[in-house]
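J.: One structure, pasted below without further comment.
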Amino acid sequence: MPAFITSLDFSILLWIQEHLRSPLLDVLFPLITHLGDKGLCWIALGILLLIPRRTRIWGICVLVCLAVDCLLGEGLLKHLFLRQRPCVVQPIEDMLVSIPYTTSFPSGHSASSFTAATALFLNNRPAGIAAYVLAFLIAASRLYCYVHFPTDVLCGILLGTCVAIVLTPMLKRRFSSVCS
């Protein structure tokens, strides 16, 4: 990443560490961040949505979009950019979570969360809005826990949202007769 972007990223992260850290959030945000680990909460939701016939297409959209997002983000982009995490580049003393072993760009937690939330929103607005609240909290937790740069999170959000916007309409057309 260009030096001015990394500098801006660190300015934001250090501001969060200096001004937003609190004992309550130090407990809450690690719990929230772990909800997004490996996209498991979203995968579980997608599987549960497959069970009732009326939400089956939602589940298909969530799971297929998550798979494509994972291939692009974790399988391709992280290996192309090889960006180290902020906690590796400029360590802090009181890490709230263990340092992830993968590279930083883009944020997989943010990408999977916004992929699932967008796929849900495009199928059912109220469910999507609820998912967006959780997705936002998971993305914010990655900054609070100092494991991602803001640009990692922003690009993860954009990646996940774009994957779902592109794929969901096609999936709904393709599978609507199977799920009706």
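J.: From the residues in region 95-108 that are out of contact with any helix residue (DSSP H, G or I) (no Cβ under 7 Å at 6 or more places or on another chain) and free of Cβ contacts under 8 Å to residues at least 40 places away in the same chain, which one is nearest to Cys65 (Cα to Cα)?
T.: Once the filter is applied, the top-ranked residue is Tyr101.
J.: When you scan region 61-108, how many residues do you find that are outside any helix (DSSP H, G or I), touching a Ser or Thr at 6+ places or on another chain (Cβ under 6 Å) and of a type in the set (D, E, K, R)?
T.: Count: 2.
J.: Is it the case that some residue within region 109-121 is out of contact with any helix residue (DSSP H, G or I) (no Cβ under 6 Å at 6 or more places or on another chain), at pLDDT 95 or above and not in a loop (DSSP other than H, G, I, E, B)?
T.: no
J.: If we scan region 116-130, do we find a residue that is under 20 Å from His34 (Cβ atoms), buried (at least 16 other Cβ atoms within 10 Å of the Cβ), of a type in the set (Val, Ile, Thr) and touching a Cys at 6+ places or on another chain (Cβ under 8 Å)? Break it down into steps so the answer makes sense when it comes.
T.: Step one: of region 116-130, the residues under 20 Å from His34 (Cβ atoms) are 116-117, 130.
Adding the requirement that they be buried (at least 16 other Cβ atoms within 10 Å of the Cβ) leaves 116-117.
Retained after the next criterion (residues that are of a type in the set (Val, Ile, Thr)): none.
No: zero hits.
J.: Restricting attention to region 120-138, does a residue exist that is farther than 28 Å from Gly59 by Cβ and of a type outside the set (D, E, K, R)? First the steps, then the outcome.
T.: Filtering region 120-138 down to residues farther than 28 Å from Gly59 by Cβ leaves none.
No, region 120-138 contains no residue that is farther than 28 Å from Gly59 by Cβ and of a type outside the set (D, E, K, R).
J.: From Ser141, Ser98, Ser107, which residue is open to solvent by 10 Å² or more (accessible area, probe 1.4 Å) and either closer than 24 Å to Ser22 by Cα or out of contact with any Lys or Arg (no Cβ under 6 Å at 6 or more places or on another chain) (or both)? Don't jump to the end; show me each part of the working.
T.: Numbers: Ser141 fails: open to solvent by 10 Å² or more (accessible area, probe 1.4 Å); Ser107 fails: open to solvent by 10 Å² or more (accessible area, probe 1.4 Å).
Of Ser141, Ser98, Ser107, the one residue that is open to solvent by 10 Å² or more (accessible area, probe 1.4 Å) and either closer than 24 Å to Ser22 by Cα or out of contact with any Lys or Arg (no Cβ under 6 Å at 6 or more places or on another chain) (or both) is Ser98.
J.: Name the residues in region 45-55 that are under 18 Å from the mean Cα position of the chain (by Cα) and open to solvent by less than 30 Å² (accessible area, probe 1.4 Å), would you?
T.: Gly46
J.: Can I ask one more? How many residues, within region 32-88, are closer than 17 Å to Leu154 by Cα and β-branched (Val, Ile, Thr)?
T.: Selection size over region 32-88: 1.
J.: If you don't mind, another one. Among the candidates Trp42, Trp58, which residue alone is aromatic (Phe, Trp, Tyr), in contact with a Ser or Thr (Cβ under 9 Å, 6 or more places away or on another chain), surrounded by 13 or more Cβ atoms within 10 Å (Cβ to Cβ) and modelled with pLDDT of 95 or more?
T.: Criteria check complete, one pass: Trp42.
The values are calculated or read from the model by the stated rules, or taken from the named source; none is laboratory data. Bear in mind the structure is a predicted one, so any value in this text is a computation, not a measurement. Because the Cβ atoms are built from the backbone with ideal geometry, glycine has one as well, and the counts that use them run over all protein chains shown. Remember, those area values only see protein heavy atoms, side chains included, never the ligands or the DNA or RNA. Shrake-Rupley method; radii C 1.70, N 1.55, O 1.52, S 1.80 Å.
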